[in-house]
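Inspection log for the structure reproduced underneath, given as structure tokens.
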Amino acid sequence: MERKSTILDKMGNKNPFTVPQNYFEDFAAEMDLRISAKQTTLKKLIKPWVYMAAMFIGLFLIGNLFYAIYHHNKTKQADLYEIYVMSQMDQSVLFDYYVIETSEEEQSSE
Amino acid sequence: MADKEDNDILTGLADSKTKAQVFSKLVRLYQERLYWHVRKMVLSHEDANDILQNTFMKAWSGVANFRGDALVSTWLYRIATNETLTFLTNKRIRNMAGIDDLESMLLNQLHADTYFSGTEVEIKLQEAILTLPEKQRLVFNMKYFDDLTYEQMEKILQTSVGALKASYHHAVKKIEKYLSEDKLALNDQTG
């Protein structure tokens, strides 16, 4: 399929175009600069978001910690209160308390 | 390029620590052939320079998506070819209201270009090449000037070898006809 051309063969395939002096050296150096600038820009763009995300994660963890401590203390206080109340009651008071509470519940359900 | 060299490049590009350094090597390795590939299509040095910069910036941005399913050279040639064809399409659209068509405009630019050292016959050859449709021009330049094989061209242009051979054959025929009608070329041929 490939066709030989006498005219083209005689002309040869010499490249008639030229470039400015040191063009390729300068081009490669220019590309290095553009890539490093792009990398820096990307880092600059990402950095504030990373910091902000880290700040929110930090706040969330600290909040969680405080809540856990608060919840733990509250439960502990309630346990202590129950132990105190129980210590102030003898068996007959306790029995009365349950009887009254059960009859109140029955009345309200009726 | 050997497969091992390609693998080394891919490994280097995948590592964020070596990415910029390997890419810099890649630019130095391919800039010249890509430049000439683009330059022969757009003719002007300034346009070729812009397209080459865009090509490498696109390659840099697309490194993560390049999985090595083609050779690095094929991948870069494809980007450069797409960038060139997009540039020519945009230039054609911008020039629609103008008196001259794109090919005449490119030819005028060539006559005024400081970075063209061609003889009158070589200008005639460029004129003849400009009469071809863009894709045929690509095929002709890649085969005639860059000596690429049809197999390499098949991978870059994603066109079958048969279609490429037919396209080159038609291109040569048209150029030969154009040049044989021109006295200057014929004189040079006989002289």
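Which whole number gives the average count of other chain Cβ atoms within 10 Å of the Cβ atoms across peptide B:131-137?
Details: counts 0, 0, 0, 0, 0, 0, 0.
Mean shielding by partner chains, rounded to a whole number: 0.
Quick one: which residues, 5 or more positions from B:PHE116 or on another chain, have an amide H under 5 Å from its amide H? H modelled 1.01 Å from N in the peptide plane, none for Pro or chain starts.
Amide H neighbours of B:PHE116: A:THR18.
Could you compute the FRET efficiency for A:ALA29 and B:THR119, with r as their C-beta to C-beta distance and R0 at 30 Å, rounded to 0.05? Spell out each step's value before the answer.
Details: r = 33 Å, r/R0 = 1.10.
The computed FRET efficiency comes out at 0.35.
Taking 0.36 nm per intervening residue step and subtracting the Cα-Cα distance, what contour gain separates A:PHE56 from A:SER87 on full extension? Show your work: numbers first, answer last.
Values: separation 31, 0.36 × 31 = 11.16 nm, distance 4.62 nm.
Here the answer is 6.5 nm.
Enumerate the residues in the range B:33-66 having an amide nitrogen under 15 Å from the point lying 7 Å beyond the Cα of B:THR86 toward its Cβ.
Residues B:50-63 qualify, since their backbone N sits under 15 Å from the label point.
Would you mind ranking A:TRP49, B:TRP75, B:TRP36 by Cβ crowding within 10 Å, fewest neighbours first? It would help to have the intermediate numbers written out before the result.
Working: A:TRP49 9, B:TRP75 21, B:TRP36 17.
Exposure proxy ranking, most exposed first: A:TRP49, B:TRP36, B:TRP75.
What spacing in nm lies between the two simple spin-label points modelled at B:HIS111 and B:LYS173, each 7 Å away from Cα in the Cβ direction?
For the pair B:HIS111/B:LYS173, the computed spacing is 3.1 nm.
Relative contact order for chain B using alpha-carbon pairs under 8 Å, separation at least 6, rounded to a whole percent? It would help to have the intermediate numbers written out before the result.
Details: 136 pairs, mean separation 36.6, N = 191.
Here the relative contact order equals 19 percent.
For chain A, with only Lys/Arg (+1) and Asp/Glu (-1) charged at the beta-carbon, what is the dipole magnitude about the Cα centre, in debye rounded to 20? Walk me through the numbers before you get to the answer.
Working: 11 positive and 15 negative charges, 447 e Å.
In debye, rounded to 20, chain A gives about 2140.
Could you point to the residue in B:GLY62, B:LEU52, B:TYR115 farthest towards the positive end of the range B:30-116's charge dipole, with +1 and -1 charges on the Cβ of Lys/Arg and Asp/Glu respectively?
B:GLY62
Set the Förster distance to 22 Å, then compute FRET efficiency between B:ASN65 and B:GLU151 from the Cβ-Cβ distance, nearest 0.05.
Working: r = 25 Å, r/R0 = 1.12.
Once the sixth-power term is evaluated, E becomes 0.35.
Take A:VAL19, B:VAL139 and order them by how many other Cβ atoms sit within 10 Å, fewest up front.
Working: A:VAL19 17, B:VAL139 26.
Lowest to highest Cβ neighbour count: A:VAL19, B:VAL139.
Throughout, read-outs are computed from the coordinates displayed, never taken from laboratory work. Bear in mind that the values here come from a model prediction, so they are computed numbers and not experimental data. So basically every Cβ, Gly included, is an ideal-geometry build from the backbone, and we count neighbours across all protein chains shown.
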